[in-house]
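The values are calculated or read from the model by the stated rules, or taken from the named source; none is laboratory data. None of the values given here were measured: they were computed from a predicted structure. Cβ atoms come from the backbone with ideal geometry, glycine included; neighbour counts cover every protein chain shown. Please note that ligands, DNA and RNA were not included when accessible areas were found on the heavy atoms of the full protein model with its side chains. Shrake-Rupley method; radii C 1.70, N 1.55, O 1.52, S 1.80 Å.
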Amino acid sequence: MYKTEKEKCRQNLEKSRSRIAITSDMWTANHQKRGYMAILSFKYVSCPHDAPALLEALRSCLNDWKIEDKISTVTLDNCTANDSMIDLLKGQFEPDSFFLKGKLLHVRCCAHILNLIVKEGLSVIGDSADKIRDSVAYWSGTPKRHEKFEDTARQLGVPYTKKISLDCVTRWNSTFLMLSTALSYKTVFERARLRELRLRCAPSEIDWQNAQQLCDKLELFHEVTELISGTKYPTANIFFPKICEIKTNIQSWMLSEVPFIKDMATQMMSKFQKYWREIHGLMCVAVVLDPRYKFMLLEYYFPVIYGDEQYVTEIAKVRELCCELLEEYGSKFPHLRERRVQEENVSTSSSTRRLDALSNFDRFVRASYRVENMKSELDLYLEENLIPRTEESFDICNYWKVTGLKYPLLSMIAKDVFVVPVSTVASESTFITGGRHVSSHRSRLHPSTLEALVCTQNWLKTDKKATVNDEDNDVDPTMEPYVVDLDD
């Protein structure tokens, strides 16, 4: 079954003319103490997990799926081994295998960068967060204490709709959720503290105030993290405005009169500048290809990101990047480049049958179009007015599907750029059954057997969703929409 399903998937990839954006993450099986790379397959990676070992697994996967000449980008987290692996990868394949000879190959995981930025800021408020965490740990530590806490909330008339729970210290968003939930029960914590003599340490009013101000600031990061971590809906055009929004907010927080907020923002800005001193070019191209923004959004945000002196140069770089992509796709799909010239002259060609005396004039017109080098698709696209951003039902994918008849090359670029993920898809969520396959009772499964089990189940689930959606138009709204993810 594994071989049959894999061959079906491979044939679908081979038929596609589009480039393929991939993302990879490492997962370690606790019972096996072995590492696996989740990338189209579930590849075993030999120890140590350094750049050569990661490269070998990635190259084996690309060759196995016969897509080594179709890769657009590789989205990875920000460890040094991945940086080194990308440098090695560029030397393993022909330069034409990638976007602009590999210039845009490496995309850093935004979710990972946001995690580093927020953790840098959280270090400033460590004491207050620790006191609230200790209180949550105490009241959720045993069923009896939790019942007493819930009973106190009932007596105070506070609806107990969210259960208090501890955070995972390595994941900042769980800390945010813990603090925001605890804040909604502040009065309950204070009243329960008076009833519990054994509780010696509890948050002070200053601690609660610090936590409230912190949550107000982290709300933005939480929203952006949820947005970019989606696997069914995001297109690359939505990410750039969010990164710019984060930058402008951090800058405003640096002017705060509250000392710890100012210190937190300073720490965050330092980490932001380390990774996003230059925004990845594909994010900017995706914004340009959004008819609601084009270059206007860059002209709005770039002075804030780069300063009044440098932003003009950065916008020029993005325009040059768009032109290079247009030229690359024009050479790859020459028939699309000629389509517009032919469509421009179709009316003239049809009139030739009726007015033979002007046939020489028709040839003169067609030659003039080529000699004078007609405006590029990009120029004509940019000359059009922006689509109002207030149109909530605007579907950018449908827009380029329709506009593809008018701008065929830009449409091909948009199709390849919009699918680039700016966040890695965690292997635990992509292959969610991996932990069950490698249980304590099945810890000696061979890596190839594990790959067959995990991948086959994933592909069969995808086929089942497709069948349901094809046969029944009145699908249960709670059912996930069928989307063929790259990891499928």
message: At a threshold of 8 angstrom on Cα-Cα distance, excluding pairs fewer than six apart, so keeping six or more, what relative contact order does region 128-209 reach in percent?
response: 42
message: Using a Cα-Cα cut-off of under 17 Å, which lysines could be cross-linked to residue 144, ignoring same-chain neighbours fewer than 8 residues away?
response: 163
task: Mind checking region 208-283 for GluC sites (Glu not before Pro) that DSSP puts in a loop (not H, G, I, E or B) and that have at most 14 other Cβ atoms within 10 Å?
output: 257, 278
- prompt: Ordering 403, 28 by how much accessible area each has at a 1.4 Å probe, largest first, what is the list?
  reply: 28, 403
query: For residue 14, what accessible area in Å² do you get when you roll a 1.4 Å probe over the heavy atoms of the protein chains, rounding to the nearest 10?
result: 80
Gyration tensor (alpha-carbon) shape descriptor, region 33-184, a/c threshold 1.5: prolate
message: Under the 0.36 nm per residue contour assumption, what length would be gained going from the current alpha-carbon distance of residue 323 and residue 15 to full extension?
response: 108.2 nm
For region 1-97, share of DSSP beta bridges that run antiparallel, in % to the nearest 5: 75
statement: Here the averaged projected area of region 178-319, based on the convex hull of its alpha-carbon atoms and given in nm², is 11.6
task: For region 155-190 and region 1-51, compute the distance between their C-alpha centroids and round to whole Å.
output: 38
query: To the nearest 10 square angstrom, how much accessible area does residue 270 have with a 1.4 angstrom probe?
result: 80
query: Which of the lysines could a cross-linker bridge to residue 262, judged by Cα under 26 Å and excluding same-chain residues fewer than eight apart?
result: 119, 131, 186, 217, 242, 247, 271, 274
field: Whole-number percent relative contact order across region 34-186, with pairs defined as alpha carbons under 8 Å at least 6 apart
entry: 15
- line: Judged on accessible area alone, 1.4 Å probe, highest first, 376, 252 line up as 252, 376
query: In terms of Cα to Cα distance under 23 Å, which lysines are near enough to residue 33, apart from those fewer than 8 places away along the same chain?
result: 43
message: For a quick check of understanding: with a 1.4 angstrom probe and all protein chains in place, what accessible area in square angstrom does residue 255 have, to the nearest ten?
response: 140
